[in-house]
Amino acid sequence: MTDHILKKVDRDEALTPDKIRYLLELSDEKELQALYDCAYRVKAKYVGKVAYFRGIIECSNICIKDCYYCGIRKSNRNVKRFQMDEEEMVREAIWAFENEYGSVVIQSGERQDAAYIELIERVLRQIKAATDGKLGVTLSLGEQTEETYRRGREAGAHRYLLRIETTNPELYKKLHPADHDFEARKNCLALLKKTGYQVGTGVLMGLPGQTTDDLVNDILFMKDLDIDMVGMGPYIPHRDTPMGQAIPPYTDEQKQAALTLGLKMIAVTRIVLKDVNIAAATALQALEHSGREMGLKCGANVIMPNVTETEFRPNYVLYDNKPCLDENSSMCRGCLTRRIQSIGETIGFNQWGDSKHYEKRTT
Ligand code: SAM
Ligand code: SF4
């Protein structure tokens, strides 16, 4: 059966939800490898064997939201809150530019106040001026108004990443307090498209209570929404969160299962969505040292090395065992470059690496 489905993929035939579910439930080592190899062929055909770097700047852990899974949720009193100033953010972006990263992602907890929106706008304009418009910028600042999205776009950001987290509204309710609204988050994705961004979304995988059908629906949701980029990753418990406290830390076996699920989701998403950009999430590396390179071998084509200054990293911990907390940006660059080249891929230095899907849907 697996062979039969993968041959369909090689012939560019669409898969039914039943076949997508079948692939997500594979557990035999040989069949899994056949799935990963097939996804890699699809990647090579539609987006090439090039890994693009997005230097991630985690500029603030201040957040007005209280997602039950996240280590920097507003109710976690064990976090020392920080906000980088303008100069620090621009300095990190310039470091990324000078080190030939084609683009950066500016990510933070959610804040919707005027002072924060203005700060981001100023930073965007300064980055664009300092790099002669050459450094691409993705924003990942959570739910905002249409006006805020437009201002970010006009100030120079061209991509936005907002995970829907899960497309099952009932599960969404269990992961968030009552004032977090699934429909509002979904609507933000529509607003981002309307304002002209390349739009990225994704989900958490391996959530308590999540079923394979949920994951099938997640993939179909991303396809139906015609999104350009996928940023999804395994859920990993954080000890100071309500969800993390309800379950003991992962055993080695659970880590392995979470990693396999993460890799299967990347592979099947590549097979179904074909020409989008897919990031190999940092959370994969928290489960296995070479997790992100494994992600590339299963169909991902984007890696987000951390370019945040080391002093801030221990305060931006979303889940337990987040990697690279004590490394600096140069160490991240060097070690990742070697590891990616060792799997036979090239790195798209100095390129934005825009989603081929976006190029197609806009020309
Ligand atoms: N605040 C913005 C938002 O929520 O869209 C951006 C920053 S938020 C920290 C980025 C992503 O971190 C979220 O979309 C969520 O999926 C992920 N995240 C949070 N807690 C996590 C956990 N325990 N395990 C894995 N990923 C997690
Ligand atoms: Fe805040 Fe984002 Fe964490 Fe939710 S996932 S608590 S919005 S930083």
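The values are calculated or read from the model by the stated rules, or taken from the named source; none is laboratory data. This structure is a prediction, so every number in the text was calculated from the model and none was measured. When we count neighbours, we look across all protein chains shown, and the Cβ atoms used for this are built from the backbone with ideal geometry, even at glycine.
Under the condition of being in a helix (DSSP H, G or I) and among the polar types (S, T, N, Q), which residue from the range 302-317 is surrounded by the most Cβ atoms within 10 Å (Cβ to Cβ)?
Looking at the filtered set, the residue picked out is ASN315.
Listed here are the residues, each with its yes/no results for (1) touching a strand residue (DSSP E or B) at 6+ places or on another chain (Cβ under 9 Å); (2) within 16 Å of ligand 1 (Cβ to nearest atom).
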site	(1), (2)
ILE56	yes, yes
VAL90	no, no
GLU118	no, no
ILE127	yes, no
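Which of the residues spanning the range 56-109 are out of contact with any Phe, Trp or Tyr (no Cβ under 7 Å at 6 or more places or on another chain), away from ligand 2 (no atom under 15 Å from the Cβ) and acidic (Asp, Glu)?
ASP85, GLU86, GLU87, GLU88, GLU92, GLU98
Of all residues in the range 318-348, which are modelled with pLDDT under 90, assigned to a loop (DSSP other than H, G, I, E, B) and either among the small types (Gly, Ala, Ser) or exposed (fewer than 13 other Cβ atoms within 10 Å of the Cβ) (or both)?
Residue satisfying the conditions is ASP326 alone.
What pairs can you find where one residue is in the range 63-85 and under 10 Å from HIS238 (Cβ atoms) and within 11 Å of ligand 1 (Cβ to nearest atom), the other is among the aromatic types (Phe, Trp, Tyr) and assigned to a loop (DSSP other than H, G, I, E, B), and their Cβ atoms are less than 7 Å apart, with a gap of 6+ or different chains?
As it stands, the answer is TYR69/TYR235; GLY71/TYR319; ILE72/TYR316, since those pairs meet every condition given.
Output the residues belonging to the range 307-320 that are within 16 Å of ligand 2 (Cβ to nearest atom) and either closer than 30 Å to VAL272 by Cβ or within 16 Å of the chain's Cα centre (by Cα) (or both).
Matches in the range 307-320: TYR316, VAL317, LEU318, TYR319.
Here are some conditions: (1) of a type outside the set (Lys, Arg); (2) over 22 Å from GLY233 (Cα atoms); (3) away from ligand 2 (no atom under 16 Å from the Cβ). TYR40 meets all but one. Which one does it not meet?
For TYR40, the failing item is (2).
Please verify whether GLU13 is of a type in the set (Asp, Glu), surrounded by 20 or more Cβ atoms within 10 Å (Cβ to Cβ) and on the phi < 0 side of the Ramachandran plot, treating the condition exactly as stated. Break it down stepwise before answering.
Values: of a type in the set (Asp, Glu): yes; surrounded by 20 or more Cβ atoms within 10 Å (Cβ to Cβ): no; on the phi < 0 side of the Ramachandran plot: yes.
So GLU13 does not fit the description; no.
Take the residues in the range 106-131 that are touching a residue at least 40 places away in the same chain (Cβ under 8 Å) and not in a helix (DSSP H, G or I); name whichever of them is farthest from TRP95 (Cα to Cα).
GLN112
Kindly indicate whether LYS223 is at pLDDT 95 or above and either away from ligand 2 (no atom under 16 Å from the Cβ) or touching a strand residue (DSSP E or B) at 6+ places or on another chain (Cβ under 7 Å) (or both). Before you say what the answer is, go through the steps one by one.
Values: at pLDDT 95 or above: yes; either away from ligand 2 (no atom under 16 Å from the Cβ) or touching a strand residue (DSSP E or B) at 6+ places or on another chain (Cβ under 7 Å) (or both): yes.
Yes; evaluated as a whole, the condition is true for this residue.
Quick check on this structure: which one of ASP228, ASP218 is closer than 18 Å to GLU25 by Cα and either in contact with a Lys or Arg (Cβ under 8 Å, 6 or more places away or on another chain) or within 15 Å of ligand 1 (Cβ to nearest atom) (or both)?
ASP218
Inside the range 1-59, can you point out the residues that are within 30 Å of ASN315 (Cα to Cα) and among the small types (Gly, Ala, Ser)?
ALA51, GLY55
Determine which member of the set TYR149, TYR172 is over 30 Å from TRP95 (Cα atoms), touching a Ser or Thr at 6+ places or on another chain (Cβ under 9 Å) and within 16 Å of ligand 1 (Cβ to nearest atom).
Within the list TYR149, TYR172, the selection yields TYR172.
Which of (1) surrounded by fewer than 20 Cβ atoms within 10 Å (Cβ to Cβ); (2) touching a strand residue (DSSP E or B) at 6+ places or on another chain (Cβ under 7 Å) is the odd one out, the single condition ALA51 does not satisfy?
Failed condition: (1).
This table checks each residue for (1) under 16 Å from ILE303 (Cα atoms); (2) among the basic types (Lys, Arg); (3) in contact (Cβ under 8 Å) with a residue 12 or more places away in the chain.
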| site | (1), (2), (3) |
| --- | --- |
| ARG21 | no, yes, yes |
| LEU24 | no, no, yes |
| GLU29 | no, no, no |
| GLN33 | no, no, no |
| TYR36 | no, no, yes |
| VAL47 | yes, no, yes |
| TYR52 | yes, no, yes |
| GLY55 | yes, no, yes |
| CYS59 | no, no, yes |
